[in-house]
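Asks: Right, I'll just put the structure down here and ask away after.
The values are calculated or read from the model by the stated rules, or taken from the named source; none is laboratory data. Values in this document were obtained by computation on a predicted structure and should not be read as measured data. With ideal geometry, Cβ positions are generated from the backbone for all residues, glycine too; neighbour counts draw on all protein chains shown.
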Amino acid sequence: KIERIRGQTTIEDWSIGIVKDASLNDLDEEAISVARKNFKSKFPDKADEVDAWDTITFLNKAKLTIKGKITRAALILLGKDESEYFLNPAEVKIRWKLIDAKNNDVDHEIYGLPLLLSVEKAFAKIRNIKYRYMKEGTIFPEEVSKYEPFSIREAINNCIAHQDYTKGARINIIEMEDQLIFTNYGSFIPGSVEKVVIDDAPEEFYRNKFLATAMFNLKMVETAGGGIKKIFNFQRVRLFPMPDYDFSGNKVKVTIQGKILDMDYARLLANNNDLSLDQIIMLDKVQKKIPLKPEEEKHLKSKKLIEGRKPNFYIGIKVAQKTGDKATYTKNKAFDKQYYLDLITKALNHHNTMKRGDIDQLLWTKLPDWMRDSQKKSKVGNLITELRAKNVIINIGKFKN
């Protein structure tokens, strides 16, 4: 961790670099006009002043230029499309791709400079249709858009702010049937999403600090991780899964789902407003069958939010009773061993002899739902062995596993 922090302190801000041969003529007039509008919205007390500023004064005040000199950040956000060569070898583009349920490419579009305008073009491409689901206790369906508009824009803008432009890679948006995937190159400097979301820990280091500051001034991004936390909370309100973050391959991949993944957990969120965000993130791991950290497991069990054995956890009886999810709880909760032993002996009393397949069929649906077939097979075998050892039953053939 110490070495990571030392490495962060030496990060060079590529975005602050002056582009010597670039001038105001290389910036897009429409983008500058939108930038002024956004700046006034962000700082309404300066609105009258902004109207009186000439272009270069505005760009200096918005921290896009330095003493009238064009920076890489200014070109990224406001540059004309044909001005991209100034940023070579960086490929400053956003690629949107639509994939169908069979993983076939359906459509795609690539947007270049100025990214201030391209964000809205990419946003408009995403099919943010309505999602319906029935809330308990009502005959009327709840209807929400699949994705919170803020979440889409925040995810795209975060990619722009944190992209490692020296890698020469594009920002990608992949739209699938029920999820959006956003990727940008470069490590996730805060190191942990939980640190940003739960601890409200502001980022101490930025890969593109100058660019991030300009984007904040143009109302494109939040600060101190607040935008990421808002995405989590919007998912919570919708009863949808929490965003997934993958930091492998020296890039950041964010997945936002646009549907309920597990109705049991949707009920949990709907009926337990007192759950903290960190508890919901832990329970989301249970929903997705993602292994819990020892401390997370300990916490959820202490609150009686989960039961079961690692890694097959399920919501606990306390939550099941509150959410009306008693059936799922019972299906996951194993009966006492004696119950299974009694079933076998009673069945044999009725039929005198039974094949192994008959005993499997007798117990299969009564074993916990979280068990794999191999685990159920092993469990039945152990029960039969115990009865044989006690001379309750006799094996007159060979069992085939």
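Asks: Which numbered condition in (1) β-branched (Val, Ile, Thr); (2) within 30 Å of His162 (Cβ to Cβ); (3) not assigned by TED's automatic domain parsing to the domain that holds Arg153 is the only one that Val237 fails?
Replies: (3)
Asks: So how many residues does the stretch 266-295 have that are farther than 15 Å from Phe232 by Cβ and surrounded by 19 or more Cβ atoms within 10 Å (Cβ to Cβ)?
Replies: 5
Asks: Assess whether Gly186 counts as being farther than 30 Å from Pro44 by Cα and out of contact with any strand residue (DSSP E or B) (no Cβ under 6 Å at 6 or more places or on another chain).
Replies: yes
Asks: Quick check, is Glu82 over 31 Å from the mean Cα position of the chain (by Cα) and over 17 Å from Leu27 (Cβ atoms)?
Replies: No; evaluated as a whole, the condition is false for this residue.
Asks: In the stretch 339-381, which residues are loosely packed, with under 12 Cβ neighbours inside 10 Å, within 23 Å of Gly308 (Cβ to Cβ) and not β-branched (Val, Ile, Thr)?
Replies: Once the filter is applied, which keeps residues that are loosely packed, with under 12 Cβ neighbours inside 10 Å, within 23 Å of Gly308 (Cβ to Cβ) and not β-branched (Val, Ile, Thr), the stretch 339-381 yields Tyr339, Arg372, Asp373, Ser374.
Okay, residues lined up against (1) over 28 Å from Ala161 (Cα atoms); (2) of a type in the set (Asp, Glu):
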position: Asp244; (1), (2): no, yes
position: Ala266; (1), (2): yes, no
position: Asp274; (1), (2): yes, yes
position: Ile281; (1), (2): no, no
position: Lys289; (1), (2): yes, no
position: Leu305; (1), (2): yes, no
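Asks: Next up: Step by step: first the residues of the stretch 296-317, then only those that are farther than 12 Å from Tyr265 by Cα and hydrophobic (A, V, I, L, M, F, W, C), then the one that is surrounded by the fewest Cβ atoms within 10 Å (Cβ to Cβ). Which residue is that?
Replies: The residue in question is Ile317.
Asks: Within the stretch 164-202, can you find the residues that are modelled with pLDDT under 95 and in contact with a Ser or Thr (Cβ under 8 Å, 6 or more places away or on another chain)?
Replies: Across the stretch 164-202, the qualifying residue is only Pro202.
Asks: Residue under question is Asn233, and the condition is that it be surrounded by fewer than 22 Cβ atoms within 10 Å (Cβ to Cβ) and touching a strand residue (DSSP E or B) at 6+ places or on another chain (Cβ under 8 Å); does it hold?
Replies: So Asn233 fails the test.
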